[in-house]
Amino acid sequence: MRIAIIGAGPAGLFLGSALARRGHAVVAVDRDPGPVGGEPWARRGVMQFHHAHAFRQTVSDALTREIPEALEGWVDAGAEPVDAATVATSAGVGMRSTRELFERALHRAACATPGFEVGRGHVDSVVVHDGRAAGVVVDGTAYDADLVVDASGRAGRVTRGLGRRAEVGGPCGMAYVDRVYRLRPGAEPGPMTNPIAWQGDFDGYLGLVFRHEQGKFSVVIARGVVDSALRDLRQNSAFDAAMSAIPGLDVWTDLERAEPVTDVLPGGPLLDVYRGQVDEDGDLVLPGLVFIGDSVATTTPVFGRGITTTLWQCEALLSLLDHDDGDLAGLGLALDAWCTDLMRPWVEDHILMDGDRVARWSGCDVDLEAPLPSDLILEAAKVRPEIMESAGGYLTMAALPASLRVAEPIAREVYAGGWRPAYSPGPSRTELAEIVAGAVGRTPA
Ligand SMILES: Cc1cc2nc3c(=O)[nH]c(=O)nc-3n(C[C@H](O)[C@H](O)[C@H](O)COP(=O)(O)OP(=O)(O)OC[C@H]3O[C@@H](n4cnc5c(N)ncnc54)[C@H](O)[C@@H]3O)c2cc1C
């Protein structure tokens, strides 16, 4: 089959290489030129490219199944398995890496796949013939294809004009900034709250540290979009002052032990969005066109799930194509059913959790009339440890969010009794706003 993929991010590269390995003739087109030797890779079309990424074991496992050279190249380039186990096992926890290191390794391995071509260009539109997708138009030139895959990411627009896909979610009300540091030679890492990250839940904001390769790490501060008093955190001086004032982050960013390797990186509004393959009536937007990756499921980085859900969708499509009988409408509908069952629940989990967190940042109490968000169910394990017996599958993503709901009645009892999670020790949002205002010479609001 001739397959055209719009976008060569993690979805387009992984899927394209895996399809070519199955004998299909595949082209992925991306407006980005790709990495050039060892030069810095700007990658302007993917706003999160230089921002903090954590890599779950599920990412390494998917590479092992489909493109093992990408995993080997990733580790050879410096990515560090969290448990230091051999890279070929699935016993690990995750990989310490920047997004750039990951995508360079994937790009190199994918581009070396016979039958897979990664081209540079802007996909202007999808060719429609006899009511089905028949190719793509790249910079004014049409190319034929039997199947078109939209892997254009969370902000891709090229197929939007073909029809409105059924959608849930939107901006979740969180904004963030982050900055990349490197530990100085011989310096020990700072504290961790789990094998992949350090997390502090403060009164009105969230602090995170994700470790990358070779001593690099990212520090993230997430806040409510409406919280304009913390907007100046995007200035280095304000971020530095915040780092000195927040316990935990002060240890990580102590200049005696670590040095910044970037300026503060301001992020855009964070999204939790699910878009199916079909419109509100359940009809395919266009037979022969399928959607994959962030163009289907976009979640905030708080739980580091995006690349996992992306690669799992690719694997689901591969499996459907392996059993393909030429019915492209059936293919789209089958993928939609799979995404509805196995992707949408993760996005809905985030919509509830992230929206509720933002409401709590604004002073709202736990809403006992509504379903409890997953983070609050997990927090209640501090007083009812048996909750963790139902949490393993949810945390590793081996089981859907519904698996954690089993513990919801216990958590509900905890909150109905008046218990609330304690904030991490550190400045409240109001105190942090004063620190930020002082650092940039502004009068606090
Ligand atoms: C701030 C932030 C932090 C994140 N942190 C994590 C994390 O810690 N762990 C994790 O697992 N996930 C994380 N994610 C999610 C992860 O980044 C995404 O899941 C991943 O990028 C999805 O890959 P994709 O290939 O679907 O889309 P993208 O990476 O967005 O790639 C889409 C590609 O399509 C190209 N494109 C779009 N339109 C066109 C066109 N018309 N013509 C040609 N090319 C086009 C773009 O240039 C781009 O290269 C994070 C996301 C954000 C926003």
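The values are calculated or read from the model by the stated rules, or taken from the named source; none is laboratory data. Since the structure is predicted, the reported quantities are computational estimates derived from the model, not experimental observations. Ideal geometry is used to build each Cβ from the backbone, glycine not excepted, and the neighbour counts take in all protein chains shown.
Okay, residues lined up against (1) surrounded by fewer than 19 Cβ atoms within 10 Å (Cβ to Cβ); (2) farther than 28 Å from Asp250 by Cα; (3) of a type in the set (Val, Ile, Thr):
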| site | (1), (2), (3) |
| --- | --- |
| Pro345 | yes, yes, no |
| Asp365 | yes, yes, no |
| Arg384 | yes, yes, no |
| Ala402 | yes, yes, no |
| Ala411 | no, yes, no |
| Val414 | no, yes, yes |
| Arg420 | yes, no, no |
| Arg442 | yes, no, no |
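Scan (1) out of contact with any Ser or Thr (no Cβ under 7 Å at 6 or more places or on another chain); (2) within 11 Å of the ligand (Cβ to nearest atom); (3) on the phi < 0 side of the Ramachandran plot for the single condition Gly38 breaks and write down its number.
With (1) out of contact with any Ser or Thr (no Cβ under 7 Å at 6 or more places or on another chain); (2) within 11 Å of the ligand (Cβ to nearest atom); (3) on the phi < 0 side of the Ramachandran plot applied to Gly38, the lone miss is (2).
Answer yes or no as to whether Val59 is modelled with pLDDT of 95 or more and either of a type in the set (Phe, Trp, Tyr) or on the phi < 0 side of the Ramachandran plot (or both).
Details: modelled with pLDDT of 95 or more: yes; either of a type in the set (Phe, Trp, Tyr) or on the phi < 0 side of the Ramachandran plot (or both): yes.
Criteria met by Val59.
Do we find a residue being in the same structural domain as Ile307 (by TED's automatic domain parsing), farther than 24 Å from Val273 by Cβ and in a helix (DSSP H, G or I) anywhere in the stretch 367-387?
no
Find the residue count for the stretch 160-177, including only residues that are more than 18 Å from Trp361 (Cβ to Cβ) and either assigned to a helix (DSSP H, G or I) or near the ligand (Cβ under 9 Å from one of its atoms) (or both).
The number of residues fulfilling the criteria is 3.
Okay, residues lined up against (1) at pLDDT below 95; (2) of a type in the set (D, E, K, R); (3) within 19 Å of Arg157 (Cβ to Cβ):
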site	(1), (2), (3)
Gly267	yes, no, no
Val273	no, no, yes
Gly288	no, no, no
Thr299	no, no, no
Val302	yes, no, no
Thr308	no, no, no
Ser319	no, no, no
His323	yes, no, no
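Residue by residue through the stretch 143-159, note down the ones that are near the ligand (Cβ under 7 Å from one of its atoms) and either in a helix (DSSP H, G or I) or more than 24 Å from Ile351 (Cα to Cα) (or both).
Val158, the sole residue that qualifies.
For the stretch 197-211, name all the residues that are farther than 13 Å from Gly304 by Cα and buried (at least 24 other Cβ atoms within 10 Å of the Cβ).
Tyr205
Given the structure, is Leu270 within 11 Å of the ligand (Cβ to nearest atom), closer than 27 Å to Gln199 by Cβ, crowded, with 22+ Cβ neighbours inside 10 Å and not basic (Lys, Arg)?
Yes, satisfied.
I'm trying to understand the selection: among the residues of the stretch 41-70, which are assigned to a helix (DSSP H, G or I) and either acidic (Asp, Glu) or touching a residue at least 24 places away in the same chain (Cβ under 8 Å) (or both)?
Answer for the stretch 41-70, where residues must be assigned to a helix (DSSP H, G or I) and either acidic (Asp, Glu) or touching a residue at least 24 places away in the same chain (Cβ under 8 Å) (or both): Gln57, Thr58, Val59, Ser60, Asp61, Ala62, Leu63, Thr64, Arg65, Glu66, Glu69, Ala70.
Checking Glu72 against (1) buried (at least 16 other Cβ atoms within 10 Å of the Cβ); (2) among the charged types (D, E, K, R); (3) within 11 Å of the ligand (Cβ to nearest atom), only one condition comes out false. Which one?
(3)
Going through the stretch 1-35 one residue at a time, which ones are near the ligand (Cβ under 7 Å from one of its atoms) and in a loop (DSSP other than H, G, I, E, B)?
Gly7, Ala8, Gly9, Arg31, Asp32
Only one of (1) away from the ligand (no atom under 16 Å from the Cβ); (2) closer than 15 Å to Leu206 by Cα; (3) touching a residue at least 24 places away in the same chain (Cβ under 8 Å); (4) not β-branched (Val, Ile, Thr) is not met by Leu233, so which one is it?
The number of the failed condition is (1).
Any idea which of Gly200, Gly207 is of a type outside the set (D, E, K, R) and more than 30 Å from Ala105 (Cβ to Cβ)?
That would be Gly200, the only listed residue that is of a type outside the set (D, E, K, R) and more than 30 Å from Ala105 (Cβ to Cβ).
What are the residues in the stretch 41-57 that are among the polar types (S, T, N, Q), within 7 Å of the ligand (Cβ to nearest atom) and over 13 Å from the mean Cα position of the chain (by Cα), if any?
So the first thing to find is which residues in the stretch 41-57 are among the polar types (S, T, N, Q), and the list is 48, 57.
Cutting the leftovers down to within 7 Å of the ligand (Cβ to nearest atom) gives us 48.
Listed by number, the list is empty, since nothing qualifies.
Among residues belonging to the stretch 392-445 that are of a type in the set (Phe, Trp, Tyr) and in a helix (DSSP H, G or I), point out the one that is farthest from His350 (Cα to Cα). It would help to see each step written out before you state the result.
Here is the first cut: in the stretch 392-445, the residues of a type in the set (Phe, Trp, Tyr) are 394, 415, 419, 423.
Filter once more, keeping what is in a helix (DSSP H, G or I): 394, 415.
Details: Tyr394: 13, Tyr415: 20 Å.
Across the stretch 392-445, the extreme among qualifying residues is Tyr415.
Quick check, is Gly140 more than 9 Å from the ligand (Cβ to nearest atom), farther than 18 Å from Gly34 by Cα and touching a residue at least 24 places away in the same chain (Cβ under 8 Å)? If you could, list the steps in order and put the result at the bottom.
Numbers: more than 9 Å from the ligand (Cβ to nearest atom): yes; farther than 18 Å from Gly34 by Cα: yes; touching a residue at least 24 places away in the same chain (Cβ under 8 Å): no.
Against the criterion (more than 9 Å from the ligand (Cβ to nearest atom), farther than 18 Å from Gly34 by Cα and touching a residue at least 24 places away in the same chain (Cβ under 8 Å)), Gly140 does not qualify.
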